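The structure appears below as structure tokens.
The values are calculated or read from the model by the stated rules, or taken from the named source; none is laboratory data. None of the values given here were measured: they were computed from a predicted structure. Quick reminder, even Gly has a Cβ in these numbers, built from the backbone with ideal geometry, and neighbours come from all protein chains shown. Protein only, heavy atoms only, side chains kept; ligands, DNA and RNA dropped before computing areas. Shrake-Rupley method; radii C 1.70, N 1.55, O 1.52, S 1.80 Å.
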Amino acid sequence: NRIIPVYINAVLVRLDDVTLKAYLRQLIDCVTFEENGWNYSQSKMVVESIKTLGQQFPDKTFLLLDLFWDLIVNPANKIRTIVIKLFGAMISLLNQKEIDNRVLPALITLSTDPDMTVRWNTIRVFGDLAIIVKQESQLEKIKLQFDSFLESTSNHVALEVVKTFGKIAQQVATKFRESYIVPKLVQITRSNHTNSTKKESDKRTLCVSLFETYRAFRGISMTYDTISNFYLPGLKALAEYVDFLDPTYQSLLN
């Protein structure tokens, strides 16, 4: 693992752009398919090293985004999953135009991927984007994607969305938090309880995740209307199924 950052940022970076792009693509292939002595466990280090490349050599940004776009249509699910992680690692280095033109369209495409794992992996990156983007049009696209995720019947998807909301709650813009996240949590809480086709174990798991996400709002200043119209109703809806929570959680909720 220690040789990967050196290999990418001290050796490959000296190549011309066409050759560099080809070598990076080959490296991603080798790590994904565990060829030539590489292992898939090294994919995290590859992602971090490519991010470092973008940090140290901003002139390579276009090349990297171009490479990522080439890979979003790769037939291998693992390759497309790595691409999502690469986009996620790079977004803090990009400007609003690059996010709007290169990142959002790619993630929207991947969010409708035939493979569930690929789709599921985009959720966290949309959450990270909600923290970074400034334009209302971009935030609207992110809202639509979360809405689309929540139309899924998969409990895993709902869990990831709820966890993502908890992760970003303190960092997103007030308007996004109060006009979208808090009202959406109420809907998720109520639909989780009223879904008669859902397994009790799935309801219980999502209840725990919802509780943890509501706790993430501690210390956040919210308007009276948001608290009275959404936050408290959400907690009350969660309290109706307090038996799904362990005793420690029950006492905290009460």
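Close Cβ contacts (under 6 Å, 6 or more residues apart or on different chains) running from residues in region 201-220 that are more than 12 Å from Gly166 (Cα to Cα) to residues that are open to solvent by 50 Å² or more (accessible area, probe 1.4 Å) and not hydrophobic (A, V, I, L, M, F, W, C) comprise Cys207/Tyr241. When Glu140 is tested against (1) of a type outside the set (A, V, I, L, M, F, W, C); (2) open to solvent by 70 Å² or more (accessible area, probe 1.4 Å); (3) at pLDDT below 95, just one condition goes unmet, and that condition is (3).
Residues considered: Ile8, Ile79. Of these, the only one that is of a type in the set (Val, Ile, Thr), in contact with a Leu (Cβ under 6 Å, 6 or more places away or on another chain), open to solvent by less than 60 Å² (accessible area, probe 1.4 Å) and over 22 Å from Thr112 (Cα atoms) is Ile8. From the residues in region 7-25 that are closer than 17 Å to Gln55 by Cα and among the basic types (Lys, Arg), which one is modelled with the lowest pLDDT? Filtering first and then ranking leaves Arg14. Take the conditions (1) at pLDDT below 95; (2) of a type in the set (Lys, Arg); (3) within 29 Å of Ile131 (Cα to Cα); Arg80 misses just one of them, which is (1). Right, Leu129: more than 30 Å from Asp16 (Cβ to Cβ) and either open to solvent by less than 10 Å² (accessible area, probe 1.4 Å) or without any contact (Cβ under 8 Å) to a residue 24 or more places away in the chain (or both) or not? Yes. Taking region 156-196 as the range and being out of contact with any Lys or Arg (no Cβ under 7 Å at 6 or more places or on another chain), polar (S, T, N, Q) and either in contact (Cβ under 8 Å) with a residue 12 or more places away in the chain or closer than 14 Å to Thr213 by Cβ (or both) as the test, the residues that pass are Gln170, Gln171, Gln187, Thr189.
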